[in-house]
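Have a look at the structure below, then the notes.
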């Protein structure tokens, strides 16, 4: 399996950022880490091993990136407006640096699927709904899709426009909605065990139903907790359904 680490100084973030690429061919998947973790987290916790068959057989290429959550919503040493601004800079990094990198690595523009677990699921799902012309599908595992959960009551335009359960209900632009409707697969998955939030997944699903956006809400059992064994089961299962 091809495994390459790339890095550059990000103009959007004004810091060194890394990305690891797994695989030679296939549909590109952009992976967002959990919480304050780094670009190698999914490798360390054997999630990459769990989807190795799809990578080795040219079904998917995986791009795993760094988070800066410890500089934004998980940083309790700065004022909320700074957290909000930093989040916006991270989105800019994704769109102006990571997406062009993926296009270059894939030898041209290609649909990109986003995925992640926990806080990574939030980022993956949020980026799809913000830019459905670039990201054509998403797999969110054990996510919370209201940014107000992380902003702890702070609310501004950055929070609103990055909180799917807040901004999606108010979208009326049919062209924008049709981009979301014409997706390659939206999967919202959650366990119902310890530290999971199935209610958040259900809330997002209800909003998508109201907008006519096809998706798959999959709630696993009470024994499915917010932890790595869950995600090592979920992701290969969903890839098996996603890539026929």
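Can you tell me how many residues within region 31-47 are closer than 19 Å to residue 143 by Cα and touching a helix residue (DSSP H, G or I) at 6+ places or on another chain (Cβ under 7 Å)? Spell out how you get there, then give the answer.
First, pick out the residues of region 31-47 that are closer than 19 Å to residue 143 by Cα: 31-39, 41-42, 45, 47.
If we keep only those that are touching a helix residue (DSSP H, G or I) at 6+ places or on another chain (Cβ under 7 Å) as well, we get 31-36, 42, 45, 47.
The qualifying residues number 9.
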* To do: Select from region 5-14 the residues that are part of a strand (DSSP E or B) and either out of contact with any helix residue (DSSP H, G or I) (no Cβ under 9 Å at 6 or more places or on another chain) or without any contact (Cβ under 8 Å) to a residue 12 or more places away in the chain (or both) and list them in ascending order.
  => 5, 7, 9
* Across region 137-153, which residue is farthest from the chain's Cα centre (by Cα) among those that are surrounded by fewer than 21 Cβ atoms within 10 Å (Cβ to Cβ) and assigned to a loop (DSSP other than H, G, I, E, B)? -> 153
* Quick one: is residue 132 under 26 Å from residue 84 (Cα atoms) and within 16 Å of the chain's Cα centre (by Cα)? -> yes
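Is one or more of the residues making up region 161-177 surrounded by 15 or more Cβ atoms within 10 Å (Cβ to Cβ), touching a strand residue (DSSP E or B) at 6+ places or on another chain (Cβ under 8 Å) and not in a helix (DSSP H, G or I)? Explain how you work it out, then say what you get.
Here is the first cut: in region 161-177, the residues surrounded by 15 or more Cβ atoms within 10 Å (Cβ to Cβ) are 161-168, 177.
Within this subset, residues satisfying the condition of being touching a strand residue (DSSP E or B) at 6+ places or on another chain (Cβ under 8 Å) are none.
No, the conditions are met nowhere in region 161-177.
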* Residue list for region 95-120, filter: in contact with a helix residue (DSSP H, G or I) (Cβ under 9 Å, 6 or more places away or on another chain) and in contact (Cβ under 8 Å) with a residue 40 or more places away in the chain -> 110, 112, 113, 114, 115, 116, 117, 118, 119, 120
* Spot the failing condition for residue 56; the list is (1) buried (at least 23 other Cβ atoms within 10 Å of the Cβ); (2) more than 23 Å from residue 198 (Cβ to Cβ); (3) out of contact with any helix residue (DSSP H, G or I) (no Cβ under 6 Å at 6 or more places or on another chain), and only one is missed. => (1)
* Collect the residues in region 117-136 that are on the phi < 0 side of the Ramachandran plot and not in a helix (DSSP H, G or I), keeping them in residue-number order. => 117, 131, 132, 133, 134, 135, 136
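Of the residues that make up region 15-25, is at least one crowded, with 16+ Cβ neighbours inside 10 Å, closer than 18 Å to residue 235 by Cβ, touching a residue at least 40 places away in the same chain (Cβ under 8 Å) and touching a helix residue (DSSP H, G or I) at 6+ places or on another chain (Cβ under 6 Å)? Show your work before the answer.
Taking region 15-25 as the starting set, the residues that turn out to be crowded, with 16+ Cβ neighbours inside 10 Å are 17, 19-23.
Going one step further and asking which of them are closer than 18 Å to residue 235 by Cβ, we end up with 20-23.
Restricting the remaining residues to those that are touching a residue at least 40 places away in the same chain (Cβ under 8 Å) gives 20-22.
Filter once more, so that each one left must be touching a helix residue (DSSP H, G or I) at 6+ places or on another chain (Cβ under 6 Å): 22.
Checked against the condition, which is being crowded, with 16+ Cβ neighbours inside 10 Å, closer than 18 Å to residue 235 by Cβ, touching a residue at least 40 places away in the same chain (Cβ under 8 Å) and touching a helix residue (DSSP H, G or I) at 6+ places or on another chain (Cβ under 6 Å), region 15-25 yields at least one hit.
Determine which member of the set 197, 156, 133 is surrounded by fewer than 20 Cβ atoms within 10 Å (Cβ to Cβ), in contact with a helix residue (DSSP H, G or I) (Cβ under 6 Å, 6 or more places away or on another chain) and at pLDDT 95 or above.
Working: 197 fails: in contact with a helix residue (DSSP H, G or I) (Cβ under 6 Å, 6 or more places away or on another chain); 156 fails: at pLDDT 95 or above.
After applying the criteria, what remains is 133.
Residues in region 213-234 that are closer than 27 Å to residue 178 by Cα and touching a helix residue (DSSP H, G or I) at 6+ places or on another chain (Cβ under 6 Å): how many?
The first filter runs over region 213-234 and keeps only residues closer than 27 Å to residue 178 by Cα, leaving 213-219.
Adding the requirement that they be touching a helix residue (DSSP H, G or I) at 6+ places or on another chain (Cβ under 6 Å) leaves 213, 215, 217, 219.
Residues meeting the conditions: 4.
The values are calculated or read from the model by the stated rules, or taken from the named source; none is laboratory data. Values in this document were obtained by computation on a predicted structure and should not be read as measured data. Using ideal geometry, Cβ is built from the backbone for each residue, glycine included, and neighbour counts are taken over all protein chains shown.
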